[in-house]
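The values are calculated or read from the model by the stated rules, or taken from the named source; none is laboratory data. Source: prediction; values computed, not measured. A quick note on method: Cβ atoms are made from the backbone with ideal geometry, for glycine too, and the neighbour counts reach across all protein chains shown. These area figures cover heavy atoms from the full protein model, side chains too; ligands, DNA and RNA do not enter into them. Shrake-Rupley method; radii C 1.70, N 1.55, O 1.52, S 1.80 Å.
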Amino acid sequence: EEGLDRRKMGREAFVERVWQWKRESGDTIKRQMVQLGASCDWSRERFTFDEGLSRAVREAFVRLYRKGLIYRGEYMVNWCPRCITAISDLEVTHEESNGHLWHIQYPVNGTGRHLVVATTRPETMLGDTAVAVNEVDSRYFDLHGKTVQLPLMDRTIPIVLDDLADPEFGTGVVKVTPAHDLNDFECGKRHKLARIKVIDETGHMTEAAGPYAGLDRFEARKRVVADLEKLGLLVKIEPYTMSVGECQRCKTVVEPLISKQWFVKMKPLAEKAIAAVESRRIEFVPENWSKTYFEWMYNIRDWCVSRQLWWGHRIPAWHCRNCEEVMVAAEAPLTCARCGAAGLEQDPDVLDTWFSAGLWPFSTMGWPDQTEDLAVYYPTTLLITGFDIIFFWVARMIVMGLECMGQVPFRQVYIHGLIRDAERQKMSKTKGNVVDPLVVTEKYGTDAVRLALVMGAAPGTDIVLSQERMESTRAFANKIWNAARFLFLNMERSAVAPWVPSREIDEAAAEPYKPEADAETLTVPLEDRWIFSRLNACAEQANAAIAQYRFHEAAQVLWQFFWHEFCDWYVELKKLRFQENSGLNAHWRNTLAAFETALRLLHPVMPFLTEELWQRMGPEGASGRPPSIALAPYPRYSHGASDLIAERQVNLLQEIIGAARDLRADMKLDPKLPLSGTLYARGAAYAVGTAQAEAIRRLANVKLEFVQDGAPPKGAVRSTHEFDLALEVPMAQTGAHRTRLEKEKEQLDKVIANSRRQLSDEAFMSKAPAKVVESIRHKLGDYQAQLDKTEAALAGLAE
RNA sequence: GGGCGCGUAGCUCAGUUGGUUAGAGCGCCUGCUUCACACGCAGGAGGUCACAGGUUCGAGUCCUGUCGCGCCCACCA
């Protein structure tokens, strides 16, 4: 707000004004304060910070202070003239901007010569207290020890020798403004130069700026340039791109100012924090981010933690009005420790919010008290966050944790990508391209949005959240829902009682379900043996992926399994059974157990949908059943639950059905047209084919005869090395089939040639591991057999 | 100036330690209102993995360079 300067009006009046503003601006401030951990008593228009947190902040501050890690000093800080507060280095964002480089003549006293300095900020020349040249710069040897006359201010200032001046840059002469530039400040200290502050806390020129006093800093710049031009001291103006520091919050150009502030001495803290990551007491995932962390820690500067804002935790320091003693203490002292005077005043400044945020891992657990929570939850195992707050928060939690607790706050830091929109733009509140979770969850469903995020969250990459992705995950959610609907419908039709196998919360008691044998045949149906083996494999992969934070991979495994194994094959195969079966028998129990296991597997990525379906599956309050799927054990790999024979057999079945479908498609035949054919089967294919004849008829719409080891006729034949499938086709259009076979032959020729070349390569044979050689030899045999089949089929077509 | 990362199918991206004929979703093409699902089913087309070298028996994967793109940090007159 215009003219709102807390320093000038005093804290009480300032707060009064802000509250007035608050009443006019609705609940914005209330929300901000709640985010800051304050609780607000709206009716009484007062707020207090959570006392526990405040106590932790005071305690941490005092501890660091006593260890000499916090000091109060006059130093160059980033100052936002709009917020009227100091801000930390991290809160300054640098923007490229097109500026100018003004070249200005400074007359050298007693020589008649001029020095030319270049600057991007001519208004600061009003505060110049020296010009610098480099000691080694031969152009200026004769000017050592001389003075120049500062134009406009008519002040005599020395020429100093300093490395600040780079002989390579411009004229090699640089103006020195110790009060408004960090480099110049350091240079000023080296040469004991005066600091003349020409810009004040609101961005206006001070009395020290003489005729320019009271002007806005940018207006002053124009006037200074104009006046120099009039005096003929402006040599030239060059266009110049530079990066300008802006206040992260309000985009105002930051002003470097000298100011008395509280700082945290970072070097010793950073050393410990670096060691914690180097020794792997803390690990970044992906590991690469530790480089970013190190980079920052190695180049760290002291952290300005005081803010001239009205909200936040006040600095626990008290000033004596009498002797100006400063006392840092957790509780307000009554009298001055030095002179004994009463009437101490608390420091009006508040702390950077990240100071208290850095205490989060232990302040939330009751620290500084030694609570049970603290003992259990500190350090915690994992912190999940985005890379954009590694510096702001992660690094500071590590620093504070090590200092206050003597122990790292967490063991691993998983850094996920940033969410980007469909144009790959970073989403941010200020850009306005944020996705409103309420809108998209309304449109696509909460689980679909969640799954889209998870599937996009490959480690080390950003997350692209697009309509298309959410549409496809919605389709997946819909698929699950419909699969369930189908099962429930058939249960009703077959008068099957609801049932879920007991899943006790105690994981040790949760044995994997073993598929039951059919009462009549006394065998376990093939599709059940297969699906539980696949569920087992899926659980193994999902668990492994999750353990490595490869969430996208877990989601993909689950997607592939549920859609393309459970729905496409298992449910399709079970359709045959549902027609024959009624009542809760082995078939139904196996089916329901498989579905229930799949739901538990899917639960982390589709929590709402799976919970809903899981609740609908079984009778309420069934004994041994947890009240929520979230409490049921997550399926785990069990060695005994694998059935590789069943997997092999179902693969064969899929190949037979696939071959029939391929032929039908190649021959351009109507899918509704029932066909008949013969399977010339070798080995296991005969047994599988005959046993699953009905499944083949249903899924491929082909009625098959089975012949063991026979040779197929010519015509519509599809072969693998385990069978030849011949279809009786009325009017064969063999064009597409021929194209397919020719393409296959071409590919096989290629890979066979490749394999042969490798196997005849002496270097390969002598150096490659035996395992690799063996596998290539084996594969070559397979390719060769396939090629024979393909060529035979092609020859058959030719006649 | 310093650091990090990316360039793979028309689009958006996976591809863990180098080893089958490089994958997915969307889009596209063909055919299906098959009684869970057209937000679906079946089949299909489509990639000299940015470019140039190198290491290796073997490179999308490792190294170097080039080009293009992005991000972070910085006391860049």
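Cross-link reach is defined here as a Cα-Cα straight distance under 24 Å, omitting same-chain residues fewer than 8 places apart; for A:K789 the lysines meeting it are A:K668, A:K703, A:K714, A:K743, A:K745, A:K750, A:K779. The C-alpha atoms of chain A define a longest principal axis, and helix A:607-617 lies at about 40 degrees to it. Computed extension length for A:E507-A:A213: 98.3 nm, one decimal, from 0.36 nm per residue of separation with the Cα-Cα distance subtracted.
Beta bridges from DSSP with both residues in segment A:671-724: antiparallel share about 30 percent, rounded to the nearest 5. Exposure check, 1.4 Å probe, all protein chains in place: A:W303 carries approximately 10 Å² of accessible surface. With the simple spin-label model, which puts each label point 7 Å out from Cα in the Cβ direction, the A:N183 to A:L438 separation comes to 5.0 nm. I'd like the distance separating the alpha-carbon centroids of segment A:395-409 and segment A:519-570, in whole Å. Cα centroid of segment A:395-409 versus Cα centroid of segment A:519-570: 43 Å apart. Centroid-to-centroid, using Cα positions, segment A:749-799 and segment A:357-390 are 59 Å apart. Selection among A:V464, A:T441, A:N78 by position relative to the dipole of chain A gives A:N78 as farthest towards the positive end (Cβ unit charges, Cα centre). Look at the alpha carbon pairs under 8 Å that are at least 6 residues apart: their mean separation over the length of chain A gives a relative contact order of 8 percent. Look at where the Cα atoms of segment A:178-235 and of segment A:642-667 average out, and the two centres are 83 Å apart. For segment A:113-267, with all protein chains in place and a probe radius of 1.4 Å, 52% of the accessible heavy-atom surface sits on carbon or sulfur. Helices in chain A, meaning DSSP H runs of at least 4 residues, each add -39500 (n - 2.57). Divided by all residues, the mean residue ellipticity at 222 nm is -13000 deg cm²/dmol.
Just to be sure I understand the curve: with the Debye formula and one point per C-alpha of segment A:576-716, what is log10 I(q)/I(0) at q = 0.17, 0.18, 0.22 Å⁻¹? So the normalised log intensities work out to -1.02, -1.06, -1.29. Between A:T252 and A:S623, the modelled label-to-label distance comes to 7.2 nm, taking each label 7 Å out from Cα in the direction of the beta carbon. Farthest toward the positive end of the dipole of segment A:137-177, out of A:Y140, A:P167, A:T177, is the Cα of A:T177, where the dipole comes from beta carbon charges about the Cα centre.
When a 1.4 Å probe is rolled over the protein heavy atoms, the share of accessible surface on segment A:484-633 that falls to carbon and sulfur comes to 52 percent. Full extension of the chain between A:T241 and A:L759 yields a length gain of 180.3 nm, computed as 0.36 nm times the residue separation minus the alpha carbon distance. Relative to the Cα centre, the charge distribution of chain A, modelled as +1 at Lys and Arg Cβ and -1 at Asp and Glu Cβ, gives a dipole magnitude of about 480 debye.
Comparing segment A:712-799 with the 2.2 N^0.38 Å rule of thumb, its C-alpha radius of gyration ratio is 1.36 (two decimals). Taken over the alpha carbons of chain A as equal point scatterers, the Debye sum produces base-10 log I(q)/I(0) values at 0.08 Å⁻¹ of -0.91.
Under a model in which nothing but the beta-carbon of Lys, Arg (+1) and Asp, Glu (-1) is charged, segment A:75-208 shows a dipole of about 540 debye around its Cα centre.
Does anyone have the angle between helix A:11-24 and the longest principal axis of chain A? Alpha-carbon axes, 0 to 90°, nearest 10? Taking Cα atoms only, the helix is inclined about 40 degrees.
Report the antiparallel proportion of the DSSP beta bridges in chain A as a percent, rounded to a multiple of 5. So the antiparallel bridges in chain A amount to around 75 percent. Taking the 1.4 Å solvent-accessible surface of segment A:694-799 as the whole, the part contributed by carbon and sulfur is 51%. Take chain A with all the other protein chains still there, run a 1.4 Å probe, and you get 49 Å² of accessible area per residue.
In the complete set of protein chains, residue-level accessible area for A:H114 is approximately 80 Å², probe 1.4 angstrom. Highest mean first, the peptides A:140-147, A:585-592, A:175-182 sorted by other C-beta atoms within 10 Å per residue fall in the order A:175-182, A:585-592, A:140-147. With the charge dipole of segment A:268-338 set up from +1 on Lys and Arg Cβ and -1 on Asp and Glu Cβ about the Cα centre, the Cα lying farthest toward the positive end among the listed residues A:I274, A:P316, A:W289 is that of A:P316. Applying 1/(1 + (r/R0)^6) with R0 = 25 Å to the Cβ-Cβ distance of A:T292 and A:E135 gives a FRET efficiency near 0.10.
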